[in-house]
Amino acid sequence: MPDLLVDAEPASLERAAVGFARLLRAAGLDVPVGSTIAFAQALAAVGVTRRESVYWAGQATLVRRPEDIGVYDRAFAAWWERAIMLSLGAAPPTQELVLAFDADGDDEPQGGDDGERDDTPTISVRYSPSEVLRHRDFATYTPDEFAEARRLMSELRLHGAVRRSRRMRPSRHRSGPPDLRRTVRRAMRSGGEPISRAFVEPGERPRRLILLCDVSGSMESYSRSLLRFLHAAVVGRGRVEAFALGTRLTRLTRDLSTRDPDAALTAAAHRVVDWSGGTRLGEGLRQFNDEWGVRGLARGAVVVILSDGWDRGDPELLGEQMARLHRVTRRIIWVNPLKASPGFAPLARGMAAALPYVDEFVEGHSLASLEELVEVVARA
């Protein structure tokens, strides 16, 4: 038989023996640790210069049943004649790298020549345009890309933080307030003696999530995509409230509650009468605080404001209303699509006035940034 390898260091032989044993286990063979040690010792004794020596050393120490010889032969050919050359330092074979672009209806990689093929091993790297779409700015989307982004947004799931509830639940720990009803029920099974006592603890419930989306003219390139995100949040998670901010405040929770994204966005567009108009963030937040937030909707909640911070109103009013909102909420997260722009600085009057009361300041220009926003909300 042809030679297998040149002489190797003991440490390399041990790694090779362990790796081959793992391959056999993955193939379904029962290979104990003691057999692996015996195989490593056999390799040190016979060496790895001859294929026949390595083959019989492995079969004698690793194969325990005659019916496993076929599996052992295939694993031996795959490991010792290919992979072990790389792990012991032999020169790897030349490989050609082919970049294939996924397209609708394509089952095979697109790349390379249609002419003659040589025997050079080829690695095909599959490339998906969805990965590029995740990092592309919403403002540069084509209609087809936006349709694909809607499908990807439907897979987003907002898992907000939880808070302690006033409702009690059974506790697995022997501490806390006693559960008299369960304790008496258990005592009836033991002749009236309270041998096994039960306890309760406060339950948990998800914190309310409030989404305020700027639909002014300066946000026109992002409003439609962000409203699609609001729809995914409303239909995918309980205790979510959605509002539109422009020259006035508009509640969109009921309009976005339908499962059909097209119907939801159409209903929201009809509801918002100041779409792509001016921006009065301070007035909108004051209306939200007076009618909804301070009265109880925002107490202990996580508030997410999606806006570029451009405001035609009084920045002092915006700062005052942000301070009011900050006092009653759990956290305020500001999502600015312009934050990812090179050289961005929060110099807009509205953004500068609101920033001192913002707990998290994140991007919101792409699908990847919205995925990061989901993680930020989960930690809030």
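Summary table
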quantity: Cα pair distances of the stretch 10-87 binned at 10 Å [whole percent]; calculated: 20, 62, 18, 0
quantity: Reciprocal mean inverse distance between Cα atoms of the stretch 166-205 - Kirkwood radius, Å; calculated: 10.5 Å
quantity: Charge sum, other residues only, whose C-beta stays under 15 Å from A263's C-beta, Lys/Arg counted +1 and Asp/Glu -1; calculated: +3
quantity: Cα centroid of the stretch 135-168 to Cα centroid of the stretch 262-299, whole Å; calculated: 19 Å
quantity: Built amide H within the under 5 Å cut-off of V304, gap 5+; calculated: I210, L211, L212, I333
quantity: Cβ-based exposure ranking for D73, D179, in which fewest neighbours within 10 Å come first; calculated: D73, D179
quantity: Built amide H within the under 5 Å cut-off of R207, gap 5+; calculated: A161, V162, R163
quantity: Relative exposure of V302, V376, V54, judged by other C-beta atoms within 10 Å (fewest first); calculated: V376, V54, V302
quantity: Packing-based exposure ordering (other Cβ within 10 Å, fewest first) of S225, S276; calculated: S276, S225
quantity: For the stretch 166-175, Karplus couplings with θ = phi - 60° (6.51, -1.76, 1.60), whole Hz, Gly/Pro x; calculated: 6, 6, 9, 9, x, 10, 8, 9, 8, 7
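A short reminder: the numbers here are calculations on the coordinates, not readings from a lab. The structure presented is a predicted model; accordingly, all values stated were derived computationally and were not measured. Every residue, glycine among them, receives a Cβ derived from its backbone with ideal geometry; neighbour counts consider all protein chains shown.
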